[in-house]
1. Could you go through region B:129-147 and let me know if any residue there is touching a strand residue (DSSP E or B) at 6+ places or on another chain (Cβ under 9 Å) and under 16 Å from residue A:102 (Cβ atoms).
2. Taking the condition near DNA strand D (Cβ under 8 Å from one of its atoms) and more than 28 Å from the chain's Cα centre (by Cα), does residue B:58 pass?
3. Yes or no: region A:70-77 includes at least one residue that is more than 43 Å from the chain's Cα centre (by Cα) and surrounded by 21 or more Cβ atoms within 10 Å (Cβ to Cβ).
4. Determine which single condition residue A:320 fails, assuming it passes every other condition in (1) away from chain B (no Cβ under 14 Å); (2) in contact with a strand residue (DSSP E or B) (Cβ under 8 Å, 6 or more places away or on another chain); (3) outside any strand (DSSP E or B).
5. Return yes when residue B:118 is more than 12 Å from DNA strand C (Cβ to nearest atom), at pLDDT below 95 and surrounded by 17 or more Cβ atoms within 10 Å (Cβ to Cβ) and no when it is not.
6. Listed residues B:232, B:269, B:278; which is more than 27 Å from residue B:200 (Cβ to Cβ) and at the interface with chain A (Cβ under 10 Å from one of its Cβ atoms)?
7. Out of A:259, A:268, which single residue is surrounded by 23 or more Cβ atoms within 10 Å (Cβ to Cβ) and free of Cβ contacts under 8 Å to residues at least 60 places away in the same chain?
8. Can you pull out the residues in region B:155-179 that are buried (at least 21 other Cβ atoms within 10 Å of the Cβ) and over 27 Å from residue B:130 (Cα atoms)?
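The values are calculated or read from the model by the stated rules, or taken from the named source; none is laboratory data. Just so it is clear, the structure is predicted and the values come from calculations on it, not from any experiment. Note that each Cβ is placed from the backbone with ideal geometry, even for glycine, and that neighbours are counted across all protein chains shown.
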DNA sequence: TTGAAAGCGCTAACAC
DNA sequence: GTGTTAGCGCTTTCAA
């Protein structure tokens, strides 16, 4: 294998010269091979090989205004839920031979802006965005400027922007309802910031369930905001909670996602071993693959991540008024040990 | 927010006309604002705002040959190990205001080719690639044509291509050595295909450890190839193993990664409950965040994923001969319950 | 400090 | 079937 040449990449001109044809013919070989005489095409293909010619996609895109790249911006690439969504997206894209540019905002408005901008400047075919705390303003602007957008994990209230989401309010109610049914009358909600729509909706759902049980949400539900929506955040929050109660664990806890729940479990075990862990009824959210494999297998609210990604990508590509533009999936409760030891 | 106009995006020409200046001046405002008279600049900026002008990055890249995008191709985006690596890459890139285009080959040569091609045609600044079963051939070609490449998770044997990897052979030896020390003299290795370099090296390491213990690897080690390097693959393989042995679990198992180990645990629990699970000593690889939270907390070989990504990105960006071009990190064994119940 | 004009590499008319 | 040429939107000389 030769060393990397610092020479300029070969261009259609070079290929044309090498093959003794015009650039138009080279372009034809590249894009409409059937229109070129066999013998000419062979010569051009030989020249392409000889020069290791790789077409400049940037120039092509500029000229032909055809793109095959879709951008996706998720909240947190380290959260398996979002990688499942991404996988669903890719599954759909690859059907049309399109490719995915994946990025993670980490709910940092600055990063979100940067990536939206990058996608827009790059002229992607469209983008799939999970908006963060900063709201949908930035996305709306992108959309207003003419780029196709589908909101992910966010019910769209914006005319012209389709969306794919899960009914988070129903999910919150599912989680809390389960704990109430099991006789718990005090709930802690380990939630993310209220700037994130999912967190607000799940909290509302929790309160719905409490009201439905004939109780007063303000008395029953104690909401604690985690420092981050990952294991670390759940761990920290649970430590604070236990410290507040002189070493006792809260009776029943709803966590905003499985990672937070896993962190909360970790804290409980660290502070008081299995005994403390089992004194709490815990429900997570997302039903990650690994949630069933935990020391205390997690009761969790399942969201159809892969399907959501697939559907969102389909809406973007099909851009078809006959397809439903606002899809809401229903979550589902999966009951395991973490919520059934206690009580 | 206005509906998406199907109108063409505004161009520098439009901005120039609106502001009553030439396109050159608009370009200067965009790229060298200090060289433009305050008052002119203000007028141009106003025009930009009025027209919602977003520069066409494709045209810019074509003309100025400056890129800020780096491509990364990992084996499996759903494996937290690789998302950690990706995160390390991003951390380094964002220092230079560069952005990451992330893709997953799923060890499918076809997908690998597609993404390498996409990156190359797009003219990325460079790429970070975890090669799959298909080997490094495709990457070498890309490199030979002049694109900067850093191999990830693969010790480079290719002149001019830097690499960042972990010593997998040492890791395999660490895992097996631990089990041997605990008195096991039959090991099952749940491995991925030998077309993947990591798998071969880890197997060699396992055999090293056996030899070091004065035993014969051919007698001690039984290697089983999983159908996929994820929980599903581990689950399937373990079921086959147990069936082969009339319902008994193997004494000691080294898994090619934590996901496989988690799947293996799942199978054991499903087949024979905690009793069967605890009759096996199990070691994983990667030390995922959640591995410590499992029903049977996983003994695992830790690889510094984040640091690897960071380092690889640094090498790519710095492109500096004074920086070591072949970095090999050393893995580390983390002992937990999964390997210490049994025996 | 600004404007005019060339050209990045490609595709798509259109002419032959 | 193939060649010629304009031009995608931008940056970058060079001149004024």
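1. Looking through region B:129-147, at least one residue is touching a strand residue (DSSP E or B) at 6+ places or on another chain (Cβ under 9 Å) and under 16 Å from residue A:102 (Cβ atoms).
2. no
3. Keep residues of region A:70-77 that are more than 43 Å from the chain's Cα centre (by Cα), which gives none.
Among the residues of region A:70-77, not one is more than 43 Å from the chain's Cα centre (by Cα) and surrounded by 21 or more Cβ atoms within 10 Å (Cβ to Cβ), which makes the answer no.
4. It is condition (2) that residue A:320 fails.
5. Numbers: more than 12 Å from DNA strand C (Cβ to nearest atom): yes; at pLDDT below 95: yes; surrounded by 17 or more Cβ atoms within 10 Å (Cβ to Cβ): yes.
Answer is yes for this residue.
6. Details: B:232 fails: more than 27 Å from residue B:200 (Cβ to Cβ); B:278 fails: at the interface with chain A (Cβ under 10 Å from one of its Cβ atoms).
Just a single option satisfies the conditions, and that option is B:269.
7. Values: A:259 fails: free of Cβ contacts under 8 Å to residues at least 60 places away in the same chain.
Among A:259, A:268, only A:268 is surrounded by 23 or more Cβ atoms within 10 Å (Cβ to Cβ) and free of Cβ contacts under 8 Å to residues at least 60 places away in the same chain.
8. Residues satisfying the conditions are B:178, B:179.
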